[in-house]
1. Suppose we filter region 311-358 for residues that are farther than 27 Å from GLN592 by Cα and part of a helix (DSSP H, G or I); how many remain?
2. Please find, within region 109-121, the residue that is modelled with the highest pLDDT out of those that are assigned to a helix (DSSP H, G or I) and among the β-branched types (Val, Ile, Thr).
3. With the checklist (1) within 15 Å of LEU428 (Cα to Cα); (2) crowded, with 17+ Cβ neighbours inside 10 Å in hand, flag the one item ALA568 doesn't pass.
4. Hey, among the residues in region 137-188 that are crowded, with 24+ Cβ neighbours inside 10 Å and among the charged types (D, E, K, R), which one's farthest from LEU238 (Cα to Cα)?
5. Determine whether region 70-82 contains at least one residue that is at pLDDT 90 or above, over 22 Å from the mean Cα position of the chain (by Cα) and either among the aliphatic types (A, V, I, L, M) or under 26 Å from ILE134 (Cβ atoms) (or both).
6. Among (1) aliphatic (A, V, I, L, M); (2) surrounded by 14 or more Cβ atoms within 10 Å (Cβ to Cβ); (3) over 30 Å from CYS223 (Cβ atoms); (4) within 25 Å of the chain's Cα centre (by Cα), which single condition is ILE524 missing?
7. Grab the strands (runs of 3 or more DSSP E) fully contained in region 445-555, keeping just those with 2 or more residues being closer than 20 Å to GLY420 by Cβ and in contact (Cβ under 8 Å) with a residue 12 or more places away in the chain.
8. In region 341-368, what residues are touching a Ser or Thr at 6+ places or on another chain (Cβ under 8 Å) and surrounded by fewer than 24 Cβ atoms within 10 Å (Cβ to Cβ)?
Amino acid sequence: MSKLHPTIERITARIVERSKDSRSRYLDLIEREAEGQLDRHSVSCSNLAHAYAGALEDQAALKATRGPNLAIVSAYNDMLSAHQPYGAYPAQMKLYAREVGATAQVAGATPAMCDGVTQGHDGMDLSLFSRDVIALSTAIAMSHAMYDGMALLGICDKIVPGLLIGALRFGHLPAIFIPSGPMPSGIANKEKQKVRQLYAEGKASRAELLESESASYHSPGTCTFYGTANSNQMMMELMGLHMPGAAFVPPNTPLRSALTRAATQQLAAIGKDGNDYRPLARCVDEKAIVNAAVGLLATGGSTNHAIHIPAMARAAGVLIDWQDMDELSAAVPLIARVYPNGAGDVNHFHAAGGIGYVIGELLEAGLAHRDIVTVGGDDLGNYAMEPGLDGDQLTWREVGESGDMEMLRPASDPFQPDGGMRLVSGNLGRATFKASAVEKERWTVEAPCRVFERQEDVLEAFKKGELERDLVVVMRFQGPRANGMPELHKLTPALGVLQDRGYRVALVTDGRMSGASGKVPAAIHVTPEAFGGGPLSLLQDGDIVKICANTGVLETTADLSSRQPAPAPAPAQGTGRELFAMFRANADGAEQGGSSMLAMAGL
């Protein structure tokens with residue numbers, strides 16, 4: 001067994017020490033819940049009758065309390081391609097549960113919005129706070145004291161973090177995430193990117209753009225680029241919350257069905273009334289959180305997780321910050337290149353060895369904690385395998401060497417010696433820089449800035465030719481308290497065009513860019529945000545701004561000390577945004593997770 005890398009050991013110890021009080025409070029809460037929380041064995045007959053009335057096929061088993069009753073918390077809808085397969089899961093899972101003497105009920109549903117649909121539109125302002133709503137919805141689903149385990153059906157951006165945050169408040173119960181897998185690969189990613197840039201330049205029609213996009217996103221399953229949704233799946237594997245190797249098996253296949261069956265039956269086996277109790281609170285600890293961060297860095301995953309990892313960790317009483325992640329990044333090599341950081345998508349990644357290969361390499365190099373409590377085996381070593389079928393029997397086998405050295409490399413011969421994410425800081429605040437997506441010669445940009453407060457104004461200036469120079473685009477008042485911290489993908493094609501024309505350009509924003517962050521250098525999630533007087537609110541057109549991932553710098557040469565903050569735009573109305581005023585008013589900073597719910601709960 002490989003010795004743990006000293007940096008991983010040191011940072012884990014630091015997180016443990018920092019989290020001593022908050023983790024202790026969390027575990028005390030969960031112990032009290034385990035001892036005092038009502039369950040279906042002790043609630044009144046009237047309550048039970050209500051809960052069993054709709055479960056016609058399982059009423060006898062439920063009344064007799066013959067086995068564990070599993071809660072299905074589903075984020076199903078058929079507008080979101082990744083979640084469309086979930087429509088068939090509850091009926092299947094009930095059958096799988098009966099095979100082992102258990103029962104299953106749909107305990108509740110959560111929202112599941114698609115950032116790909118709301119991208120660049122008003123609905124995107126609801127996106128980050130949908131995570132809090134999902135966590136609250138999960139808590140409501142689990143509030144009925146009827147369940148012995150949680151089957152969590154979610155994949156995409158805010159959905160997995162929201163489900164996990166909500167489920168952790170019921171951490172005395174076991175929980176398993178059950179994915180549905182990616183859609184088949186469409187057109188080549190470079191071709192898709194090319195058409196987007198041509199459209200931005202006015203050289204491709206809307207019909208041509210729609211044809212290209214439809215060839216990329218074309219059937220049920222998760223989008224195949226390595227964005228937040230697929231980074232979620234990677235993290236669930238590194239934390240041991242999936243059945244091993246479940247992340248990227250395609251939907252509607254015998255292997256996918258076998259994994260769903262195994263997950264359902266494993267959940268029934270790891271409850272408190274069995275001899276293999278694995279409550280969620282024991283699974284999600286400091287080591288599991290460090291594993292999630294290491295996996296993110298090693299694979300060049302979504303920058304959204306610089307926000308989600310601290311939020312998920314807080315729900316378990318664990319405190320991790322961007323300094324921890326930056327120091328981890330210095331020690332963790334980049335061993336995967338998946339689009340937008342490489343040419344191939346997650347299907348190619350899976351075929352080349354996928355998550356099993358990554359975990360095996362990280363364990364062999366001492367970069368991940370093997371000794372965590374997982375739902376699918378004795379330790380994380382079980383996840384350095386890939387699933388398969390031997391006839392109808394689900395099996396796991398060794399992954400072997402990388403099947404594509406352009407996509408997956410050993411930790412001893414990585415794409416680059418450090419991870420895919422950097423902390424940049426200075427007199428403009430602290431921010432995240434996704435280095436894995438940007439060519440190294442572009443890691444430093446120092447140029448006059450142009451300040452904007454709306455994406456549409458950036459695009460209008462681009463069309464007028466006003467941005468044809470070395471430039472730092474500052475996009476402010478996009479933080480959690482200003483407008484809910486939307487993703488700003490609308491800017492990517494235009495900035496990419498400017499870069500291709502030979503200009504040195506960069507983006508600085510208190511908003512998000514996510515897992516589809518492209519080739520343009522960007523300091524994102526700037527905190528403090530502009531709203532409330534953060535440094536970005538003091539910048540003016542023409543100020544020199546420097547962003548450097550090599551030295552970790554985000555600064556301006558301008559004297560900001562005598563300036564007054566620019567006034568924040570009035571809160572937007574429409575598309576339900578006014579209903580989220582409470583979330584915006586109480587949100588904390590991006591580095592803490594950008595959550596109002598956790599802040600108000602004192603977590």
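The values are calculated or read from the model by the stated rules, or taken from the named source; none is laboratory data. Here the structure is a predicted model, which means the values were calculated and not measured. Heads up, the Cβs are rebuilt from the backbone with ideal geometry, glycines too, and the neighbour counts pull from every protein chain shown.
1. Number of matching residues: 11.
2. THR118
3. That leaves (1) as the condition not met.
4. Looking at the filtered set, the residue picked out is ASP148.
5. Within region 70-82 (the criterion being at pLDDT 90 or above, over 22 Å from the mean Cα position of the chain (by Cα) and either among the aliphatic types (A, V, I, L, M) or under 26 Å from ILE134 (Cβ atoms) (or both)), the answer is yes, since at least one residue qualifies.
6. Result: ILE524 passes all but (3).
7. So the answer is 505-509, 522-527, 544-548.
8. Once the filter is applied, which keeps residues that are touching a Ser or Thr at 6+ places or on another chain (Cβ under 8 Å) and surrounded by fewer than 24 Cβ atoms within 10 Å (Cβ to Cβ), region 341-368 yields ASN347, HIS348, ALA352, GLY353, LEU363, GLU364, ALA365, GLY366.
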